[in-house]
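*Asks:* Let me begin by handing over the structure; questions about it come next.
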Amino acid sequence: MSERVLVAMSGGVDSSVAAARLREAGHDVTGITLKLWGGESDSGCCSAADVEDARRVAAQLDIPHYVFNFTEAFDADVVQPYVASHAAGETPNPCVECNRTIKFGRLLERADALGFDRVATGHHARVVRDGDGLALARGVDRAKDQSYVLYMLSERELGRVLLPIGELTKAEVRAHATRLGLRTADKPESMEVCFITRGGRARFLHDRLGARPGPIVDDAGSVVGQHTGVAAFTVGQRRGLGVAVGERRFVVDVDARSATVTVGRKEQLLRPAVDLRDLRFVAGAPPTGADLLVQSRAHGNPTPGRLQGDRVEFAAPQPRVAPGQVVALYDGDRVLGGGIAA
C-alpha cells in the first residue's frame, strides 16, 4: 500500500538509499534535512555540503526536498543536557537524545501536522513483527547495527517508523547507490558527534564550562597528577591521562563535586552489575530475573545478564559502565529496551 513518507536525509549514503528504496516501492516520498546545529562544526552532519548532497540526491530521485530548522530544540534538548551531563562526571550519548527528542520526537510531530503517514530514516536496524505487535531488531549488518541508539522507541512509535536499509549490509547499500548513480555512493561516513569540532570533546566542554582543575589520584588516594577539568575524563579511559606511574592506568572513577579523577588497574574496573535509571521498554518490561543480553557501547559485544528490577546483573564481571552511558537490553536480535547507567 502506497503511503506518504517523510524521509530524514542527512546527506549520507544510508539515508539516500532509504529514500530510493521507498520511492522504488511506490511510496509518495518527501526528503527532509534537519538543520540542527547552528554553531561551528567541521566533522558531522548539518554542514552546507551535507544539505546540498541531500538536495541533489532528492533531485536525482525526483522527490521534493525541504530543510527543517530545529536548532533551538537541538540546543535545548541535546547539546545543553550533554554539557550538563559531562559537568556531572557522566558520559552521555547525544545521538540517543537526538533520536529520542528530535528525529522520533519533533520530526514525528511535524510529520503528523503535515499529514504524512510515516517517517523513515537510514538507520541500520529493523522493525519486525513480534506476535501481534511490533519489535525493534538489530540490522542485518552487525558491524553497522544502530539499534543500540534506538532502544527508546515504543511499539507505538515503531508503527510510524520505516527503516528501509535494515535488511541490507553496508556494501549492499553502497552498491545500490552506485547502480542509481547517487552522488553519495562513495561518501565517507561521519563517525563523530555532529557538534564537536576537530578541537575535540575536551575543548568543546572547556569553552562552555570553563576550567575547574583538580587532582588525579590512585586507588590509595595519593595524588599522581593534575587535570584542568573532569569533563575531559570518562570511566574506562586509558589515553590522555597525563600521568606516568610505571604501568598502564585507567580512569576508574570521576567525582565531579570534588573535581577528582581516580585512576587504577584494569581489573579495578570490573563490576558484577550495573544500576539503571530511566528504564524504557518497547512493549512492557520483561519479568524480574529474565535472562537477556546487555550492550553498553554502540558497537560493543553484548554480554549475558539478568534483569533484577532496575539492576542488570552480569553472568561474569564486566568493565564498569560509565554513569550516563546507555545500556541496551536484547533478547537475541530483538531489542527489549534499555536505560542509563546510574
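*Asks:* Mind checking which residues of the stretch 105-141 are under 20 Å from SER16 (Cα atoms) and either surrounded by fewer than 19 Cβ atoms within 10 Å (Cβ to Cβ) or modelled with pLDDT under 95 (or both)?
*Replies:* Result: LEU108, ASP117, ARG118, VAL140, ASP141.
A quick yes/no check of all residues on (1) over 19 Å from ASN99 (Cα atoms); (2) in contact (Cβ under 8 Å) with a residue 40 or more places away in the chain:
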| residue | (1), (2) |
| --- | --- |
| THR262 | yes, yes |
| LEU293 | yes, no |
| ALA298 | no, yes |
| ARG306 | yes, no |
| VAL312 | yes, no |
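*Asks:* Only one residue in ASP219, ASP207 is of a type in the set (Asp, Glu), over 23 Å from VAL78 (Cβ atoms) and surrounded by fewer than 20 Cβ atoms within 10 Å (Cβ to Cβ). Which one?
*Replies:* When all the criteria are applied, what remains is ASP219.
*Asks:* Let me ask another. Just a yes or no: is a residue in the stretch 234-244 without any contact (Cβ under 8 Å) to a residue 60 or more places away in the chain and either part of a helix (DSSP H, G or I) or assigned by TED's automatic domain parsing to the domain that holds PRO94 (or both)?
*Replies:* For the stretch 234-244, residues without any contact (Cβ under 8 Å) to a residue 60 or more places away in the chain and either part of a helix (DSSP H, G or I) or assigned by TED's automatic domain parsing to the domain that holds PRO94 (or both): absent.
*Asks:* I'd like the full set of residues that are more than 19 Å from PRO92 (Cβ to Cβ) and hydroxyl-bearing (Ser, Thr, Tyr), limited to the stretch 215-259.
*Replies:* Residues satisfying the conditions are SER222, THR228, SER258.
*Asks:* Any residue at all in the stretch 54-68 that's of a type outside the set (Val, Ile, Thr), buried (at least 22 other Cβ atoms within 10 Å of the Cβ) and touching a His at 6+ places or on another chain (Cβ under 7 Å)?
*Replies:* Yes.
*Asks:* Right, next: Name, by its number, the condition in (1) closer than 24 Å to ARG297 by Cα; (2) of a type outside the set (S, T, N, Q); (3) in a helix (DSSP H, G or I) that does not hold for ARG156.
*Replies:* The failed condition is (1).
*Asks:* What number of residues within the stretch 102-126 are within 21 Å of the chain's Cα centre (by Cα) and either more than 17 Å from LEU6 (Cα to Cα) or assigned to a loop (DSSP other than H, G, I, E, B) (or both)?
*Replies:* Within the stretch 102-126, residues that are within 21 Å of the chain's Cα centre (by Cα) and either more than 17 Å from LEU6 (Cα to Cα) or assigned to a loop (DSSP other than H, G, I, E, B) (or both) number 6.
The values are calculated or read from the model by the stated rules, or taken from the named source; none is laboratory data. Note that the coordinates shown come from a computational prediction; the quantities given were computed from them, not determined experimentally. Note that each Cβ is placed from the backbone with ideal geometry, even for glycine, and that neighbours are counted across all protein chains shown.
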